[in-house]
Amino acid sequence: MPLPKHKEQRLAVLIDVQNMYHSAKNLYQARVNFSEILKDAVSGRKLIRAFAYVVRTKTGEEKPFFEALTKLGFETRVRDLQEYYGGLKKADWDVGLSIDAVRINPSVDTIVLVSGDGDFIQLIDYLKNQGKRVEVMAFGRSASSKLREVADEFIDLEESPEKFLLKK
């Protein structure tokens, strides 16, 4: 049973946008409603900072999306898409997100990680050892089972897809 969410809790929300985008697209052929995710993550508590980790392509077609995230209250962290010989494309935010979580750790009581990526298990262990509450929000079917286990609370976005998804 999840612990109560006290209104005096200070929290940070960190969203792995690529992870959420691909999960919603692959599972539902839909887009993520980041406004609802932020509202649900905060749950009436004191939001200190909200970060959205995004990837910029050479064409720049995602610029309106980045602006929309900013209007919702997110600080966007932008990384350029790396393109390698042979067509491989990569834009990994795991280290950057982890560093931000460690940096903001002293200023908050709770960190809400919006990602199903199992690479964050060690980060969650570290934050919990620092006395922080760590909540994870993700689509259950695409989330690491170990990530679900180590979080203080796992919020499965698939329990209310109509709330957290926007149809294309």
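All of the numbers you see were taken from the coordinates with simple rules; none came from a lab. Just so it is clear, the model here is predicted, and its values are computed rather than measured. Backbone-built Cβ (ideal geometry, glycine too); neighbour counts: all protein chains shown.
Our note on the geometry: Cα centres of region 136-168 and region 1-69, 12 Å apart.
Counting every C-alpha pair in region 9-92, the share spaced more than 16 angstrom apart comes to 57%. In loop segments of region 8-61 as defined by DSSP, the GluC sites (Glu not before Pro) with at most 14 further C-beta atoms inside 10 Å of their C-beta are Glu8, Glu61. Evaluated with a Cβ-only charge set (Lys, Arg +1; Asp, Glu -1), the chain carries a dipole of roughly 380 debye about its Cα centre, given to the nearest 20.
In terms of Cα atoms, the Rg and Dmax of the chain work out to 15.4, 51 Å. Applying a threshold of 18 Å to the alpha-carbon distances of Lys25/Lys163; Lys7/Lys132; Lys5/Lys39; Lys5/Lys146 flags Lys5/Lys146 as lying beyond it. Considering helices alone, the calculated mean residue ellipticity of the chain at 222 nm is -10000 deg cm²/dmol, with DSSP H runs of length four and up weighted by -39500 (n - 2.57) and normalised per residue. For the chain, take the longest principal axis of its alpha carbons; what is the angle in degrees between that and the long axis of helix 17-28, to the nearest 10 within 0 to 90? The helix 17-28 is inclined about 80 degrees to the chain. The distance between label points at Ser107 and Thr57 comes to 3.3 nm (points 7 Å beyond Cα on the Cα→Cβ vector). Name the shape class, rounded, prolate or oblate, that the alpha-carbon gyration tensor gives for region 1-48, where a ≥ b ≥ c are the square roots of its eigenvalues, rounded holds for a/c under 1.5, and otherwise prolate holds if a/b is larger than b/c and oblate otherwise. Verdict is prolate for region 1-48. Once every Cα of region 119-164 carries one equal point scatterer and solvent is ignored, give the base-10 log of I(q)/I(0) from the Debye formula at q = 0.17, 0.27 Å⁻¹, two decimals. Once normalised to I(0) and log-transformed, intensities are -0.47, -0.93.
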